[in-house]
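> Pasting in a structure now, in structure tokens, and then I'll have a few things to ask.
The values are calculated or read from the model by the stated rules, or taken from the named source; none is laboratory data. Fair warning: this is a prediction, and the values are worked out from it, not measured in the lab. Cβ atoms come from the backbone with ideal geometry, glycine included; neighbour counts cover every protein chain shown.
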Amino acid sequence: MRYVSLALQYRVGIILGLTLIVSAMLVPGYVSATTLSLGLDRAATIGLIAIGLTVLLIAGQIDLSAGSVFALAGIVSIMLQPQLGILPAAAAGVVVGMVAGAINGALVVGLKVHSLVLTLATMLIFRSIAHWITDSQPVTGTDIMFSLALAQIYLDVFTVRSALFVAFILLLHFWLTRTIPGRNVFAVGSNAVAAEESGIASGRILFFGFVFAGTLAGLAGVLQSLVTNTGSPVFGSTLIVTVIAAVVVGGTRIEGGKGSALGTLGGVLTIGALTVAMEFQSVPAYVQQVVSGFILILLVVLDRTVNTRRKAAADRPAFVQGNPIKQGGSA
Amino acid sequence: MIEKRNLLYVAAAAMLASTGLAHAKTVCYVNAADSHAYATPANEALQERAKELKIEILSLSQDFDVQKGTEQLNTCVARGVDGIILWPLDPQAYIPGLARAQQAEIPAILINSPMGEEAKPFVTSFTGPDVYEEGEMAADALNEALGGEGSVVIIAGQAGNGTTIGRVGGFEDRLKEISSGIEVLDTVNADFDQQKALVVSRDLITRFGDDLDGVYANDDTMARGFIDAWKEANPSKPTPPIVGINGQKDAFESIRTGEMHATIVQSPVEDGRLAIETMARILDGEEVKDRLPIPLTVVTKENVESVEPAF
């Protein structure tokens, strides 16, 4: 029984491991440094946005506008290149993400609107602005050589993007588990009122949660645009669904109060590994979505099992927990 | 004895070489979409021809999402395929992916749509319709129908779109080249959309009325839009000569009934086939041209029964 609950606790890791083992056996050429590095590079786009979303989901909020912010930040970073140069323009793109996040945060906290509705609205608004400033046409950057350099693989494994992703997710893990503000995010997500009453400024935490998520979506968008030397108003239009899936697969609860950075890392890698494996086998795009959907359901059901089990234990009176009464010989 | 052993070596070497040859080549095909009026028949034709050529196809669908396509190029490289056929949806975004492929010594070609100048060093060839030539052919067809004089309007596709630029440019240049007496009254964009074409056509018919001698639409769906607008305005009058492009089934019907004068067939089947055949030649070590157009056919009442519609 103990092994079962241990397995359930590390279910993301186990599913990732299973995905990798099965893929390695069935898909020729899957196990190689190139696959790893390119798969990781690909996962990094989803991953960077997922980092921001993990914090928001733990705090009990959601940001649907991340895909639009992704596109808008990328466009700005490309459009300003002739005036500012590549790196300042890239910084401006990230700032756009930050501002978009601040708008989301200010509106959610200030107007007390549910973030699902509010970010649905800003998703449409940011996307439309992206179309508006580009006339719905892709915009092209000034220096393709820079893009080629950015897409380079270092140490056989990392691109700039994937290295940033891995570094950030480790930092997030540290922040969520070892610092007080990190732990306060969980408190706000479990019960905002109770958190407020125990002296946590939950409004401020939520606001900065949105700023953080916006900034990372912006960063991901800027990196994507720099690597492709293109800013496009249609970039990232279906991204947010995959990102939410990755975060939830990683064990972060959509209801808030529970989640982890390493879980998200596992979720992102699982989805990435699965996509690459299925693409290697030329599985049609719609079948891929069906498989991802089933894995999501499976993990959510497992999540429920773990929680009801724990809850059942916690619901018992304290003396029973510590000293379980054996009934009819069964434990 | 020694000879015998040598013979054995030779036989072994020959066997190794033949298994090497028999090993099927794999080509990564990053297509525009799995289900689309033009793309689907092109994809199917490519797959079918690949089977005949004993080439394995790794088919990845972008679903009209450029970002997905740029990532799928990575999958192709990681998979270590022998060649890449890309259906580009953007003039630039695929370049780093194509550069990676080049680094890995995987030849890449473009199907159907061109990319920008910067992409040229990274692709071996571009197979697909010559949209400029389509414009020229449309000009010839309309010039012939009007006997070399009259006033026409152009219903163009999307502003700034490569296909639109080619189809309008080819048309205008060709009229000048043959010093035709045809005058273009106006060029309006209707984004390859039947409904938009209907709306702009109503305006054109009101503005120019009886001065309108002919119409050139950048594709058949927009030609359809004009026909509908004309029928609203003049229920009893026959339509002026209309020339469209693409060779859709309903355009063939309109040519039969005399509502349209001509269309130009750009076959998705040819499009798909030419791409894989070109790739097969590259894999065999042949030199190929950097631009290979697919055949185009002008369809009028004379040959409408003998030509297959494109889709």
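> Scan segment B:170-200 for residues that are of a type in the set (S, T, N, Q) and under 15 Å from B:TYR216 (Cβ atoms) and jot them down. Don't jump to the end; show me each part of the working.
First, the residues of segment B:170-200 that are of a type in the set (S, T, N, Q): B:179-180, B:187, B:189, B:194-195.
The answer is B:SER180, B:THR187, B:ASN189.
> Consider B:SER35 carefully, then state whether it is more than 8 Å from chain A (Cβ to nearest Cβ) and of a type outside the set (Phe, Trp, Tyr). Talk me through it step by step, then tell me what you get.
Values: more than 8 Å from chain A (Cβ to nearest Cβ): yes; of a type outside the set (Phe, Trp, Tyr): yes.
Criteria met by B:SER35.
> Go through segment B:52-85 and report how many residues are touching a Cys at 6+ places or on another chain (Cβ under 6 Å) and in a strand (DSSP E or B). Talk me through it step by step, then tell me what you get.
Our first condition is that a residue be touching a Cys at 6+ places or on another chain (Cβ under 6 Å); within segment B:52-85, this holds for B:58, B:76, B:81, B:84.
Those left that are additionally in a strand (DSSP E or B): B:58, B:84.
Summing the residues that are touching a Cys at 6+ places or on another chain (Cβ under 6 Å) and in a strand (DSSP E or B) in segment B:52-85 gives 2.
> What number of residues within segment A:193-205 are assigned to a helix (DSSP H, G or I) and surrounded by 19 or more Cβ atoms within 10 Å (Cβ to Cβ)? Spell out how you get there, then give the answer.
Pass one, segment A:193-205, residues assigned to a helix (DSSP H, G or I): A:193-197, A:202-205.
From what's left, surrounded by 19 or more Cβ atoms within 10 Å (Cβ to Cβ): A:195, A:202, A:205.
Looking only at that region, the number is 3.
> If you don't mind, there's one more thing I want to ask. Restricting to strands (runs of 3 or more DSSP E) lying wholly in segment B:220-311: which have 2 or more residues that are acidic (Asp, Glu) and outside the structural domain of B:ALA139 (by TED's automatic domain parsing)? Break it down into steps so the answer makes sense when it comes.
Details: elements: B:263-266, B:291-293, B:296-299.
Here the list is empty.
> Being surrounded by fewer than 24 Cβ atoms within 10 Å (Cβ to Cβ) and among the hydrophobic types (A, V, I, L, M, F, W, C) is the filter; apply it to segment A:241-257 and report the residue that is farthest from the other protein chains (Cβ to nearest Cβ).
In this case the residue turns out to be A:ILE254.
> Would you please list the contacts, defined by Cβ atoms under 6 Å and residues six or more apart or on different chains, that run from a residue in segment B:29-47 that is at pLDDT below 90 to a residue that is of a type in the set (Asp, Glu) and part of a loop (DSSP other than H, G, I, E, B)?
From residues that are at pLDDT below 90, the pairs are B:ALA33/B:ASP63.
Per-residue answers, yes or no, for (1) in contact with a His (Cβ under 7 Å, 6 or more places away or on another chain); (2) within 30 Å of B:ALA32 (Cα to Cα); (3) at pLDDT below 85:
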position	(1), (2), (3)
A:ARG253	no, no, yes
A:LYS258	no, no, yes
A:GLY267	no, yes, no
A:ILE271	no, yes, no
A:ALA285	no, yes, yes
A:LEU298	no, no, yes
A:LEU302	no, no, yes
A:ARG309	no, no, yes
A:ASN323	no, no, yes
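> Report, by residue number, each residue of segment B:54-72 that is in contact with a helix residue (DSSP H, G or I) (Cβ under 7 Å, 6 or more places away or on another chain) and surrounded by fewer than 19 Cβ atoms within 10 Å (Cβ to Cβ).
B:ASP63, the sole residue that qualifies.
> Give B:ILE282, B:ILE255 a once-over and let me know the one that is touching a Pro at 6+ places or on another chain (Cβ under 6 Å) and modelled with pLDDT of 90 or more. I'd like the intermediate steps shown before the answer.
Working: B:ILE255 fails: touching a Pro at 6+ places or on another chain (Cβ under 6 Å).
Of B:ILE282, B:ILE255, the one residue that is touching a Pro at 6+ places or on another chain (Cβ under 6 Å) and modelled with pLDDT of 90 or more is B:ILE282.
> From the set of residues in segment A:101-155 that are away from chain B (no Cβ under 13 Å) and within 30 Å of B:GLN102 (Cβ to Cβ), which is surrounded by the fewest Cβ atoms within 10 Å (Cβ to Cβ)?
A:LEU155
> Let me ask something else. Are any of the residues in segment A:39-57 assigned to a helix (DSSP H, G or I), closer than 26 Å to A:PRO138 by Cα, over 22 Å from the mean Cα position of the chain (by Cα) and modelled with pLDDT of 90 or more?
There is no residue in segment A:39-57 that is assigned to a helix (DSSP H, G or I), closer than 26 Å to A:PRO138 by Cα, over 22 Å from the mean Cα position of the chain (by Cα) and modelled with pLDDT of 90 or more.
> Name every residue in segment A:69-101 that is modelled with pLDDT of 90 or more and touching a Phe, Trp or Tyr at 6+ places or on another chain (Cβ under 7 Å), in order of residue number.
A:VAL69, A:PHE70, A:ALA71, A:LEU72, A:GLY74, A:ALA100, A:GLY101
> Then there is this: Of all residues in segment B:69-102, which are over 24 Å from A:THR142 (Cβ atoms), facing chain A (nearest Cβ under 7 Å) and of a type in the set (Gly, Ala, Ser)?
B:ALA78, B:GLY80
> Any chance you could count how many residues in segment B:185-203 are of a type in the set (Ser, Thr, Tyr), under 25 Å from the mean Cα position of the chain (by Cα) and farther than 20 Å from A:ASP135 by Cα?
Residues of segment B:185-203 that are of a type in the set (Ser, Thr, Tyr), as a first pass: B:187, B:201.
The next check asks that each one be under 25 Å from the mean Cα position of the chain (by Cα); those that pass are B:187.
Within this subset, residues satisfying the condition of being farther than 20 Å from A:ASP135 by Cα are none.
The qualifying residues number 0.
> Given the conditions (1) away from chain B (no Cβ under 14 Å); (2) outside any helix (DSSP H, G or I); (3) out of contact with any Ser or Thr (no Cβ under 7 Å at 6 or more places or on another chain), report the number of the one that A:VAL31 does not fulfil.
Among (1) away from chain B (no Cβ under 14 Å); (2) outside any helix (DSSP H, G or I); (3) out of contact with any Ser or Thr (no Cβ under 7 Å at 6 or more places or on another chain), A:VAL31 violates only (1).
> Give me the residue from segment A:206-231 that is in a helix (DSSP H, G or I) and among the hydroxyl-bearing types (Ser, Thr, Tyr) and, out of that set, surrounded by the fewest Cβ atoms within 10 Å (Cβ to Cβ). Steps first, answer last, please.
Start the filter on segment A:206-231 by keeping residues that are in a helix (DSSP H, G or I), which leaves A:206-228.
Those still in the list that are among the hydroxyl-bearing types (Ser, Thr, Tyr) too: A:215, A:225, A:228.
On the way: A:THR215: 23, A:SER225: 32, A:THR228: 31.
Filtering first and then ranking leaves A:THR215.
> Restricting to segment A:232-269, name every residue that is outside any helix (DSSP H, G or I) and of a type in the set (Gly, Ala, Ser). I'd like the intermediate steps shown before the answer.
The initial filter retains those residues of segment A:232-269 that are outside any helix (DSSP H, G or I), namely A:232-238, A:250-260.
A:SER232, A:GLY236, A:SER237, A:GLY250, A:GLY251, A:GLY256, A:GLY257, A:GLY259, A:SER260, listed by residue number.
> If you don't mind, another one. From B:PRO107, B:PRO114, B:PRO96, which residue is at pLDDT 90 or above and either within 23 Å of A:ALA151 (Cβ to Cβ) or over 19 Å from the mean Cα position of the chain (by Cα) (or both)? Don't jump to the end; show me each part of the working.
Working: B:PRO114 fails: at pLDDT 90 or above; B:PRO96 fails: at pLDDT 90 or above.
Result of the check over B:PRO107, B:PRO114, B:PRO96: B:PRO107.
> Working carefully through the options A:PHE174, A:PHE235, find the one that is within 14 Å of chain B (Cβ to nearest Cβ) and aromatic (Phe, Trp, Tyr). Step through it out loud before you land on a result.
Values: A:PHE174 fails: within 14 Å of chain B (Cβ to nearest Cβ).
Answer to the check: A:PHE235.
> Of everything in segment B:138-169, what is hydroxyl-bearing (Ser, Thr, Tyr), under 14 Å from B:TYR216 (Cα atoms) and either at pLDDT 95 or above or touching a helix residue (DSSP H, G or I) at 6+ places or on another chain (Cβ under 8 Å) (or both)? Give them in sequence order. It would help to see each step written out before you state the result.
At the first step, the residues of segment B:138-169 found to be hydroxyl-bearing (Ser, Thr, Tyr) are B:151, B:163-164.
Remaining after also requiring under 14 Å from B:TYR216 (Cα atoms): B:151, B:164.
Listed by number, the list holds a single entry, B:SER151.
> Would you confirm, using the coordinates I've provided, whether A:VAL291 is among the β-branched types (Val, Ile, Thr) and either assigned to a loop (DSSP other than H, G, I, E, B) or free of Cβ contacts under 8 Å to residues at least 60 places away in the same chain (or both)? Can you show your working first?
Numbers: among the β-branched types (Val, Ile, Thr): yes; either assigned to a loop (DSSP other than H, G, I, E, B) or free of Cβ contacts under 8 Å to residues at least 60 places away in the same chain (or both): yes.
Against the criterion (among the β-branched types (Val, Ile, Thr) and either assigned to a loop (DSSP other than H, G, I, E, B) or free of Cβ contacts under 8 Å to residues at least 60 places away in the same chain (or both)), A:VAL291 qualifies.
> Does A:LEU262 meet the test of being more than 12 Å from every other protein chain (Cβ to nearest Cβ), surrounded by fewer than 24 Cβ atoms within 10 Å (Cβ to Cβ) and over 26 Å from A:GLY105 (Cα atoms)? Let's see the steps before the verdict.
Details: more than 12 Å from every other protein chain (Cβ to nearest Cβ): yes; surrounded by fewer than 24 Cβ atoms within 10 Å (Cβ to Cβ): yes; over 26 Å from A:GLY105 (Cα atoms): no.
When the stated conditions are applied, A:LEU262 does not pass them.
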